[in-house]
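What follows is a short report on a single structure.
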Protein chains: 2
Amino acid sequence: MKIAFTTILPEEGFQRLQGHTLYAPLEEAEVLVSTFDYRVTREMINSAPYLRLITNFGVGFNNIDLDACRERGIRVTNTPQPVIEPTAELAFALMHDVARRTAEFDRKLRLGTAEAFGVMNNLSHSLYGKTLGIIGMGRIGQALARRAVASGMRIIYHNRKPLGDEIIGQLGYEVRYVSKEELLQTADFVSLNLPYTPEVKHLIGEKELKMMKPTAYLINTARGAHVDEQALVEALQKGEIAGAAMDVYEHEPQIHPELLTLDNVVLSPHTGTGTWEGRIAMCENVCDNILAWKQQDINKMNIVL
Amino acid sequence: MKIAFTTILPEEGFQRLQGHTLYAPLEEAEVLVSTFDYRVTREMINSAPYLRLITNFGVGFNNIDLDACRERGIRVTNTPQPVIEPTAELAFALMHDVARRTAEFDRKLRLGTAEAFGVMNNLSHSLYGKTLGIIGMGRIGQALARRAVASGMRIIYHNRKPLGDEIIGQLGYEVRYVSKEELLQTADFVSLNLPYTPEVKHLIGEKELKMMKPTAYLINTARGAHVDEQALVEALQKGEIAGAAMDVYEHEPQIHPELLTLDNVVLSPHTGTGTWEGRIAMCENVCDNILAWKQQDINKMNIVL
């Protein structure tokens, strides 16, 4: 097989493809390994006459022109499994960072602008005993909830529909399904863990931010367009919510300049899945998809299209 | 009762002491509410002829001259329960911060020195699947372990002696007792969660840092004197360990100036118990101790001496 790549990926993740041509020119390739941050346009697809499979690196696939793939009968796969734990882990890290103010303290100690040490100085807020509201209770949301329960939090969630009894039974912890409005009005932490589709653009805007408690934190590790970033900046500046932590941005890689100035914000450069361990596992998952496709074993593929 | 304080503490935590004199002069006080960051010396104790009880705010009590208390027959209490969850929570936050590089990313995005967004940029390391070694498996260590297990970590621990079967049975997760050497040689994260006594000064020095894996992280939320800070700086600079996160310092409130310059370090201003929720709960625990002492109900007191 001739396999093209949009991005150079770690060699150790592709050892099972030895004997095939990696980093082939797109115009000769049967397979394209694309990454979630690289737009695969209709023009690219049409410049690749032999292309039959796109194996996207990442769980999201809004970087790919699926209509163009459909017209050409090109199969598309993703890597849903290895992204779950790293992304839930980062969401959980950001919850701690913003409530316990750890990034702010580290920065201010280095800059020399920190408050003095003292029993009543540098106070923050606990996660323990609080309510986490998860919007998008898929596998990442569930992995986040598992961590939060062990940290003494209660879980409420909102999805298009409640989780089935079978999934609930496997969770091993209690969760409660609520409306989006109830979630926003009662959660101490609101975490976005749903995939992006145009219908959920600005899922969190001015109206939703006003529903949240003034003591609540917003965490976004999903997709930037879920949040109206200008409305978020205004809510943070007015104290309508207590803080926000985000790994993704509406106009990525640009970050709203006001966010960079606010102390009640924690910013991360779209690195939810960005651990070495996670990257290698995602490469392995791409190999799984390519080899299963080669063997026509569609049951072993993570099929998007 | 006339009650003196070393530090002004939140009023809402002392409502059960209405009718008593709070913030009395020490020379008139029967009770002293001291805080863990304030040294209660022999001179102070001897200047307080009516003093019969010191209720320390915090779990540690190395700020108090216990010999002087013993000679005078002064009782000493602490607040072990409300510090457990906030401190374990901060240790867990710092583990994420240093391995997932969240404080570093936030700082560099604000300074404009961050690497560009990109699939193979800004990579970090997962906690998931790693081994956490806890030195000091008391209540805080156990609360940290509970969180780590739910985050996909294995737990090894070292104590003066292994936990009893009854405690092990109540944990609800698996832990393995190992020697200090095995812990240092095999853990991916080493967390210090033991109280300070002079015998454990520099528990982590040059020799111990060399035993650790070059990929391992050291987390200290216990007491600064546990770690030889100069040796730590050298180990970090030479890459003998991957990183360190600390809430406490050998010469507190001074921080070794080299630590402030290292990217593989996360620094926090001794705020393990420093949440508003934690502070109020600690005040309540001080009230419990004072009121139980007043009623001569020693079973309801957290007695240190």
* Considering only the label points, 7 Å along Cα→Cβ from Cα, what distances in nm to one decimal separate A:Gly169 from the same position in each other copy, shortest first? -> 3.0
* Relative to the longest principal Cα axis of chain A, at what angle does helix A:229-238 sit, 0 to 90 degrees, rounded to 10? -> 10 degrees
* Structure fact -> From fewest to most C-beta neighbours within 10 Å, the residues B:Ile303, B:Ile241, B:Ile219 line up as B:Ile303, B:Ile241, B:Ile219
* To do: Quick one: check the C-alpha center-to-center distance for the stretch B:65-95 versus the stretch A:189-257, whole angstrom.
  => 39 Å
* To do: For chain A, calculate the relative contact order in percent as a whole number, restricting contacts to Cα pairs under 8 Å that are 6 or more residues apart.
  => 19 percent
* Per-residue mean of C-beta atoms belonging to partner chains within 10 Å, peptide A:85-91 -> 4
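Just from its helices, what would the mean residue ellipticity at 222 nm be for chain B, if runs of 4 or more DSSP H residues each count -39500 (n - 2.57) and the sum is divided by every residue, rounded to the nearest 500 deg cm²/dmol?
Values: 10 runs with 100 residues, N = 305.
Computed ellipticity for chain B at 222 nm equals -9500 deg cm²/dmol.
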* To do: Provide an ascending nm list, one decimal, of label-point separations from A:Gln230 to the equivalent residue in each further copy; define each label point as 7 Å from Cα along Cα→Cβ.
  => 5.8
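Could you give the length gained by full extension between A:Asn63 and A:Arg42, i.e. 0.36 nm per residue of separation minus their alpha carbon distance, to one decimal place?
Numbers: separation 21, 0.36 × 21 = 7.56 nm, distance 1.12 nm.
Fully extending the segment from A:Asn63 to A:Arg42 adds 6.4 nm.
If the only charges are +1 at each Lys and Arg Cβ and -1 at each Asp and Glu Cβ, what is the size of the charge dipole of the protein assembly as shown around the Cα centre, to the nearest 20 debye?
Working: 62 positive and 76 negative charges, 197 e Å.
The calculated dipole for the protein assembly as shown is roughly 940 debye.
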* Structure fact -> For A:Lys300, the lysines lying under 23 Å Cα to Cα, once residues fewer than eight places off in the same chain are dropped, come out as A:Lys2
* Asked: Which distances, shortest first and in nm, link A:Gln295 to the matching position in the other copies, using label points set 7 Å out along Cα to C-beta?
  -> 7.1
* Check the straight Cα-Cα distances from B:Lys238 and name the lysines below 24 Å, setting aside those fewer than 8 residues away within the same chain. => B:Lys108, B:Lys130, B:Lys180, B:Lys201, B:Lys207, B:Lys210, B:Lys213
* Crossing angle, helix A:276-294 versus chain A [Cα axis fit, 0-90 degrees, rounded to tens] -> 30 degrees
* Structure fact -> Within 10 Å of the Cβ of an average residue in A:276-284, the count of other chain Cβ atoms is 3
* Asked: Over all residues in B:50-63, what is the mean tally of Cβ atoms on other chains that come within 10 Å of each residue's Cβ?
  -> 0
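Any read-out appearing in this document is the output of simple, stated calculations on the displayed coordinates, not a laboratory observation. As the structure is a computational prediction, the values presented were derived from the model and not from experiment. Neighbour counts run over all protein chains shown; Cβ positions are idealised from the backbone, glycine included.
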